[in-house]
Amino acid sequence: MLLDKVIGGYLDHLFEGWEPWMISLASSCATVILIISYNFLFQDESLFLRAKKFVLRNARRIPAVRNKISQEFDVSKKRMENELMAPTRNLGSIRALPQSRSAEEVLALAKKYKETESADWSKLSGAIYSGSDEITKLSTSIYPMFAWSNPLHPDVFPSVRHMESEVVRMCCTMFNGDEKTCGSMTSGGTESIFMACKAYRDYALARGIKKPVMVVPVTAHAAFEKSADYLCMGVRKIPMDSTTCQVNLRAMKKAIDGRTCMLVGSAPHFPHGIIDQIGEISALGLKYKIPVHVDSCLGGFLIPFMEKAGYPLELFDFRLEGVTSISADTHKYGYAPKGSSVILYRNHTYLHHQYSVTPDWPGGIYASPTMSGSRVGASIASAWSVMLYMGEDGYVKATKETIETTRKIKEALKKMKNIYILGDPLVSVIAVGSKDFNVYLLSDAMSARGWHLNALQFPSSIHVCITKRHTKPGVAEKFLQELQECITNIMENPPKEDTGMAAIYGLAQSIPDRTIISEMAWAYLDSCVALPGSGS
């Protein structure tokens, strides 16, 4: 009461002699200034980061800085183009439609193009997960039967409609769903993730959330950020624990607010092969009534079989009440040809928000379940056929072989000096770093021997993704032997300057203005579709 009197007296004194309209105008102006200040200071991107970007962006306007960046950019772009085009430079370039050729001529040219591929598949990290002769023969036999089928017309192609339903139902059962669990097939993991984000964005909008925000671990697949770009969603990236490489749960909980539309956990995530604490994320989702998506695109056809293979894991699927969706790629450890994945939901409430429906189109009522309209029915048929061919027993056997090989490599890497393993990977990906040398030198050295490893950043590291190809006799032993030889050589004969991946990634991580890195990535993508001589 006394405080009220003191404040009231102060305000009376402060505004003594003011007209009522003046007080009203001042109050309105102060309110507007406070709102503008709040919105400026408190954004998803911190004030410090925005200030740093502003400084760096304007620094590029200085002629000397701009010219130096341009020179380095041109050199890097030319190097990328040369490396990408080198294998096909002698093929010539078809720049306009030629006169028609016979099927035999086209096949002969295709074989000539194919000869430019020299990679030993057993030395790849991920990329080709099986490619066995038996599965290749099965898939290429199935494909022409359904080459012209299109699930957009289920009345015309009931076969692929039924096949898709069976693939989805088999996957729902695989992840311990019930009869209410549902979903659809997509063209790959990125589309599966995109559809989950779209579903939860629309679900949030229907509940009155104006600008939905996803809360994702910094290690979650880049497809989440890509989806947010397309869908005009906000993204809050949660840091990982530096020791376990799992998401920081305390930071995730702190990031949740009234705009949060989905929480994400990976099982496992791509960079380091670590499974996030799905049980705890599920509990957060239940507590705050927020959908939880489990991204299992990479390991989705390993982790459901690990317990039967003798490698039990903590719960990660629909047995956790808070888990509302799961993505898994049939074209990775499902061993189907590229172009298929599944997105699964706990029930139709979420799935219906994934759908796109245009009820008033003059062309009719248009409805599609995923981003695509017409879809490749043959991809669905191929995935269906491989799943039946493999069967549960086949997947359990393949999982056992893959995890056994991964654990064997993991134990051997632990014993090697000058490198360390990031976190405790339990599935098929192992990431290593080094405190003694630039770890990208190791990637370059292994590349020179034909091994294709994946470069990671923040922290600097590389990883190997173990596939069925690595389980063949002698492959793991050869990998470990050559890795050790490369480490020894780097330590005994350190290079005077970094080149190759060591130079590119070493430089990339030291550049604070990430827009420069984005521009380099644009140049790389330009080079991927360019022909020699024209830059187009």
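Read-outs throughout are calculated quantities, based only on the coordinates presented, and are distinct from any laboratory measurement. Here the structure is a predicted model, which is why all the values come from computation and not from measurement. FYI the Cβ positions are ideal-geometry reconstructions off the backbone, even for glycines, and counts take in every protein chain you see.
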(Q) Through the Karplus equation 6.51 cos²θ - 1.76 cosθ + 1.60, θ set to phi - 60°, convert the phi angles of the range 432-437 into ³J(HN,Hα) values in whole Hz; use x for Gly and Pro. (A) 10, x, 8, 9, 10, 7
Q.
Give me a comma-separated list of calculated 3J(HN,Hα) values for the range 82-91, in order, Karplus coefficients 6.51, -1.76, 1.60 applied at θ = phi - 60°, integers in Hz, x for any Gly or Pro.
A. 4, 5, 6, 8, 3, x, 10, 4, 8, 7
Q.
If you average 1/r across every pair of different Cα atoms in the range 86-207 and take the reciprocal, what Kirkwood value do you get, in Å?
A. 19.4
**Q.** the range 355-433: radius of gyration over Cα atoms, expressed as a fraction of 2.2 N^0.38 Å
**A.** 1.93
**Q.** Dipole moment magnitude, nearest 20 debye, the range 141-390 about Cα centre, only Lys, Arg, Asp, Glu C-beta charged
**A.** 660
Q) Hey, quick one: spin label on L231, modelled 7 Å out along Cα-Cβ, who in the range 308-338 has an amide N within reach, i.e. under 17 Å? A) 323-328
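What is the Å³ per residue value for the convex hull set by the Cα atoms of the range 188-287?
Given the Cα convex hull of the range 188-287, per-residue volume reads 90 Å³.
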Q.
Please report the antiparallel percentage of DSSP beta bridges with both residues in the range 141-390, rounded to the nearest 5.
A. 45
Q: Report the normalised scattering of the range 399-470 as log10 I(q)/I(0) at q = 0.11, 0.21 Å⁻¹, calculated by the Debye formula with identical scatterers on the alpha carbons.
A: -0.26, -0.94
(Q) Given a Förster distance of 41 Å, report the FRET efficiency between Y288 and I365 from their Cβ-Cβ distance, rounded to the nearest 0.05. (A) 0.65
Q) Going highest first, how would you order 145-155, 164-174, 97-107 by mean Cβ packing within 10 Å? A) 164-174, 145-155, 97-107
Q: Extending each Cα 7 Å along its Cβ direction at L84 and V357, get the distance between those two points in nm, one decimal.
A: 4.2
Q) Hey, of [x] 144, 49, 45; [y] 98, 96, 45; [z] 96, 64, 58, which did the structure itself give for Cα extents along the principal axes in Å when calculated? A) [z]
Q.
If packing is taken as the average count of other Cβ atoms within 10 Å, what order do 489-495, 289-295 fall into, highest mean first?
A. 289-295, 489-495
Q) Roughly how many nanometres apart are two label points built 7 Å out from the Cα toward the Cβ at K308 and I209? A) 3.6
Q | Hydrodynamic radius (Kirkwood) for the range 398-528, which is based on Cα pairs only, to one decimal in Å | A | 15.9
Q | Sorted peptide list for 15-28, 441-454, 80-93, criterion being average Cβ within 10 angstrom, highest first | A | 441-454, 80-93, 15-28
Q. If you take the C-alpha gyration tensor of the range 141-390, multiply each eigenvalue by 5 and take the square root, what semi-axes do you get, largest first, in whole Å?
A. 29, 23, 15
Q. Under 16 Å Cα-Cα from K198, which lysines qualify once same-chain neighbours fewer than 8 residues away are excluded?
A. K210, K211, K226
Q | Rough spin-label spacing in nm, given labels placed 7 Å along Cα→Cβ, for D12 and K415 | A | 8.7
Q: Give the long-range amide H neighbours of T186: residues separated by 5 or more places, or on another chain, with amide H under 5 Å away, using H modelled in the peptide plane at 1.01 Å from N.
A: S341, V342, I343
**Q.** Alpha-carbon centroids, the range 370-435 and the range 76-116: separation in whole Å
**A.** 32
Q: Set the Förster distance to 22 Å, then compute FRET efficiency between F437 and T243 from the Cβ-Cβ distance, nearest 0.05.
A: 0.50
Q.
Multiplying the sequence separation of S447 and K478 by 0.36 nm and subtracting their Cα-Cα distance, what value in nm do you get?
A. 9.8 nm
Q | Selection from Y113, N493, N67, by position along the positive dipole direction of the chain (Cβ) | A | N67
Q. About the Cα centre of the chain, what is the dipole size in debye to 20, counting +1 per Lys and Arg Cβ and -1 per Asp and Glu Cβ, all else neutral?
A. 560
Q. Using modelled amide H (1.01 Å from N, peptide plane; none on Pro or chain starts), what sits under 5 Å from the amide H of M214, excluding residues fewer than 5 places away?
A. G234, V235, R236, C261
